[in-house]
Amino acid sequence: MTVESAQPLTPETSELREPPLAGGAVPGLGHGLKLVRDPLAFMSRLREHGDVVRLKLGPKTVYAVTTPALTGALALSPDFKIDGPLWESLEGLLGKEGVATANGPRHRRQRRTIQPAFRLDAIPDYGPIMQEEAHALTERWRPGETIDCTSESFRVAVRIAARCLLRGDYMDERAERLSVDLASVFRGMYRRMVVPLGPLYRLPFPANREFNRALADLHLLVDEIVAERRASGQKPDDLLTALLEAKDDNGDPIGEQEIHDQVVAILTPGSETVASTIMWLLQVLAEHPEHAEKVRTEVESVTGGRPVGFEHVRTLTHTNNVVVEAMRLRPAVWILTRRAVTDTELGGYRIPAGADIVYSPYAIQRDAHSYDRHLDFDPDRWLPERAKDVPKYAMSPFSVGNRKCPSDHFSMTQLSLITAAISAKYRFEQVSGSNDTTRVGITLRPHDLRLRAMPW
Ligand code: HEM
């Protein structure tokens, strides 16, 4: 679906209601403290106060949307754009000219450039790499060994994104560097967004030094990748070639900065989100051995005991449902924001131009109004006869509209393949010292998941 298909919004904004103020605001601080202390619980309770509610964050008013239908309306409406504090801090660190933060004609042009690399019919070409990486993961692990799930998940996510989209042998070694850098950058970025203590982050503390080193190396790596591809004279059919050959609206080649920012804007969301989801999948397999066993049996019956491959993914119904259910309960992207570009409305409520709007896929996907036994891990709820009862937009982990993640097919394929490959070989147990509580950052992931991989 595209923005063009959105319902036009009522222009008579004077007849509209003011959204209610969410309960529990503290004088002077508003809801800020509650949001910082326990953002997931806070966002999950907002629907009790209304479909659209006002939040006070210090002196600022922010609007929160709490129903699936209105999150769909928000994402599909041309009256809202990508902007707001979340995006501003991302831009400052990752660059201003990438697709994830651009708006308007530049964004449309950039989407046209990157889209072919993610189309459904492009995915089979990535199959061999995804397959190789999924099996390499299981071969790295020794039976009985404790796995550091954070670094393993990052490694495989970055390697798949980098090898598929920026093809080239050199990616093997660079993918390792990228994964180490990105892990540090994301850790530091979240800290800077939640606790914006500007000057403190310039002091030479070890954490600041590591963040600056990783960020500088990330940008250096991207420059190296671009320079090396140019020097090779090769033009494989991949995303990097599409970016290097892209033209602006006047038909001129796009600038160096835009190429650089585009590579960063694709690699960064592409690795953190997938890595976080892999961590949750590993956690789910350990916590629900009955589903791990069911996945193993399914894989075995589909492959006849041969290594699982790309061609099997479509038929792995239970495996795919385990992935979707893990993403429902632990969505990597748990919060999204927009800014109103004009005076407008949502659900009959007035939204003034310039207002920041926030919603939480985590809250939406766990809402008891939408899901029976909403907190149970139940992959069978995605069987067709039950999935039809899920309200529209109550499960949109890749969002909808013109900002929808371009990588939904790319991501789902690799997640199912990885889940199938690791489950065919191992069952998992948490070891002492493992901490699978939810770490709220730019994405949601376990704090420090450590599992023992046991052969079946
Ligand atoms: C955008 C989720 C994987 C690249 C988005 C958005 C969501 C999302 C919700 C929309 C943000 C918004 O509406 O404001 C996810 C999830 C993933 C995933 C849950 C995996 C589990 C990836 C991968 C890549 C990628 C693997 C690239 C290799 C992007 C880009 C955008 C985006 C470039 C910006 C699109 C635009 O603004 O036009 N993603 N993503 N994502 N994602 Fe993903």
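What number of residues within the range 404-456 satisfy the criterion of being farther than 28 Å from residue 191 by Cβ and of a type in the set (A, V, I, L, M, F, W, C)?
So the count comes out to 12.
Within 28 Å of the chain's Cα centre (by Cα), at pLDDT 60 or above and more than 30 Å from residue 402 (Cβ to Cβ) - does that describe any residue in the range 10-32? Let's see the steps before the verdict.
Going residue by residue through the range 10-32, those that are within 28 Å of the chain's Cα centre (by Cα) are 22, 31-32.
From what is left, the residues that are at pLDDT 60 or above are 22, 31-32.
From what is left, the residues that are more than 30 Å from residue 402 (Cβ to Cβ) are 32.
The answer is yes; a qualifying residue exists.
Scan the range 55-107 for residues that are in a helix (DSSP H, G or I), buried (at least 18 other Cβ atoms within 10 Å of the Cβ) and of a type in the set (Ser, Thr, Tyr) and jot them down.
Result: 71, single match.
In this structure, is residue 144 more than 22 Å from residue 415 (Cα to Cα), away from the ligand (no atom under 16 Å from the Cβ) and not in a helix (DSSP H, G or I)? Walk me through how you get there before you give the answer.
Details: more than 22 Å from residue 415 (Cα to Cα): yes; away from the ligand (no atom under 16 Å from the Cβ): yes; not in a helix (DSSP H, G or I): yes.
Here the answer is yes, as residue 144 does meet what is asked.
With (1) out of contact with any His (no Cβ under 7 Å at 6 or more places or on another chain); (2) modelled with pLDDT of 95 or more; (3) open to solvent by less than 40 Å² (accessible area, probe 1.4 Å) as the list, and residue 271 as the residue in question, which single condition is left unmet?
(2)
Quick check on the range 125-141: of everything there that is part of a helix (DSSP H, G or I) and more than 22 Å from the chain's Cα centre (by Cα), which residue is surrounded by the fewest Cβ atoms within 10 Å (Cβ to Cβ)?
Kept after step one, since they are part of a helix (DSSP H, G or I), are these residues of the range 125-141: 125-140.
Remaining after also requiring more than 22 Å from the chain's Cα centre (by Cα): 125, 128, 132, 135-136, 138-140.
On the way: 125: 14, 128: 12, 132: 13, 135: 19, 136: 13, 138: 16, 139: 9, 140: 13.
Going through the qualifying residues, I end up with 139.
Check off (1) open to solvent by 10 Å² or more (accessible area, probe 1.4 Å); (2) farther than 29 Å from residue 364 by Cβ; (3) modelled with pLDDT of 95 or more; (4) not small (Gly, Ala, Ser) for residue 303 and give me the number that stays unchecked.
(1)
Conditions (1) aliphatic (A, V, I, L, M); (2) assigned to a helix (DSSP H, G or I); (3) within 15 Å of the ligand (Cβ to nearest atom); (4) closer than 27 Å to residue 139 by Cα, marked per residue:
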position: 266; (1), (2), (3), (4): yes, yes, yes, no
position: 271; (1), (2), (3), (4): no, yes, yes, yes
position: 280; (1), (2), (3), (4): no, yes, yes, yes
position: 319; (1), (2), (3), (4): no, yes, no, yes
position: 322; (1), (2), (3), (4): yes, yes, yes, yes
position: 331; (1), (2), (3), (4): no, no, yes, no
position: 337; (1), (2), (3), (4): no, no, yes, no
position: 345; (1), (2), (3), (4): no, no, no, no
position: 354; (1), (2), (3), (4): no, no, no, no
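Applying the selection to the range 412-443, what residues are hydroxyl-bearing (Ser, Thr, Tyr) and either part of a strand (DSSP E or B) or without any contact (Cβ under 8 Å) to a residue 24 or more places away in the chain (or both)?
Here is the first cut: in the range 412-443, the residues hydroxyl-bearing (Ser, Thr, Tyr) are 413, 416, 419, 423, 426, 432, 434, 437-438, 443.
Selection gives 426, 432, 434, 437, 438.
For the range 409-438, how many residues meet the condition of being touching a strand residue (DSSP E or B) at 6+ places or on another chain (Cβ under 9 Å) and within 16 Å of the ligand (Cβ to nearest atom)?
The number of residues fulfilling the criteria is 1.
The values are calculated or read from the model by the stated rules, or taken from the named source; none is laboratory data. Bear in mind that the values here come from a model prediction, so they are computed numbers and not experimental data. Ideal geometry is used to build each Cβ from the backbone, glycine not excepted, and the neighbour counts take in all protein chains shown. Calculation scope for accessible area: heavy atoms of the full protein, side chains included, ligands and nucleic acids excluded. Shrake-Rupley method; radii C 1.70, N 1.55, O 1.52, S 1.80 Å.
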